[in-house]
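Accompanying notes for the structure given below.
The values are calculated or read from the model by the stated rules, or taken from the named source; none is laboratory data. Bear in mind the structure is a predicted one, so any value in this text is a computation, not a measurement. Counting neighbours? That spans all protein chains shown, and the Cβs are built from the backbone with ideal geometry, glycine included. We work out accessible area using only protein heavy atoms, side chains counted, and drop any ligands, DNA or RNA first. Shrake-Rupley method; radii C 1.70, N 1.55, O 1.52, S 1.80 Å.
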Amino acid sequence: MWLLIVHALVFFLFVLVYAFRFRKLVPNPEKNILVQIQEATKDWNSTPHLVLLISFLLFLLFPLTLGFSFFLRTDANVLVVIVWIIWAYNWSKYSFFRE
């Protein structure tokens with residue numbers, strides 16, 4: 001349970017840091033966050049893009065952390081991994097390839 005709380009706090013910290021500190025440093029900030037994530041993969045060495053990509057990665061890992069914090073000692077952890085793979089695949093496909 002503590003891992004879930006730490007994960008959520010770090011995720012919200014990165015989101016707030018990007019939203020209030022680094023968003024104005026990005027040239028031509030788009031309204032759509034998915035377009036910003038696509039552009040961040042092209043220039044990931046800059047700090048605003050790196051913060052955005054880390055927060056997106058934490059977003060993708062959130063269901064895995066949530067599931068493992070509750071179902072680690074049961075047989076449901078296999079279902080958690082399957083649901084996480086579907087979650088990460090769909091978000092990555094929609095975010096990077098816009099299908």
Under the Karplus relation with 6.51, -1.76 and 1.60 and θ = phi - 60°, whole-Hz ³J(HN,Hα) for the stretch 51-62, x at Gly and Pro, equal 5, 5, 5, 5, 5, 5, 5, 5, 5, 5, 8, 4
Full extension between SER46 and PHE68 adds, at 0.36 nm per residue less the Cα distance, a length in nm of 4.7 nm
The convex hull of the Cα atoms of the stretch 48-99, divided by residue count, gives a volume in Å³ per residue of 57
In the stretch 41-99, the chymotrypsin sites (Phe, Trp or Tyr not before Pro) that sit in a DSSP loop and have at most 16 other Cβ atoms within 10 Å of their own Cβ are TRP44
Projected area averaged over all directions for the convex hull of the alpha carbon atoms of the chain, nm², comes out at 6.8
Scoring the chain by relative contact order with C-alpha pairs under 8 Å, at least six apart, yields a percentage of 32
Rounded to the nearest 10 degrees, the helix 2-17 long axis (Cα) sits at an angle to the longest Cα principal axis of the chain of 10
Going residue by residue through the stretch 44-50, the Karplus relation 6.51 cos²θ - 1.76 cosθ + 1.60 with θ = phi - 60° gives ³J(HN,Hα) values, rounded to whole Hz and with x marking Gly or Pro, of 7, 6, 6, 4, x, 6, 5
Largest fluctuation, LEU61, LEU52, LEU16 only, Gaussian network model of the chain with Cα springs under 10 angstrom, belongs to LEU16
Between the Cα axis of helix 33-42 and the main Cα principal axis of the chain, the angle (0 to 90°, nearest 10) is 80
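Quick check on the chain: helices-only [θ] at 222 nm, where DSSP H runs of length 4 and up contribute -39,500 (n - 2.57) each and the sum goes over total residues. Nearest 500, please.
Mean residue ellipticity at 222 nm (helix-derived): -22500 deg cm²/dmol.
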So, with points 7 Å from each Cα along the Cβ direction, the LEU57-GLN38 label distance in nm works out to 2.2
Ordering SER92, SER55 by the accessible surface of their heavy atoms, 1.4 Å probe, largest first, yields SER92, SER55
Among trypsin sites (Lys or Arg not before Pro) in the stretch 53-99, those in a DSSP loop whose Cβ has at most 11 other Cβ atoms within 10 Å are ARG73, ARG98
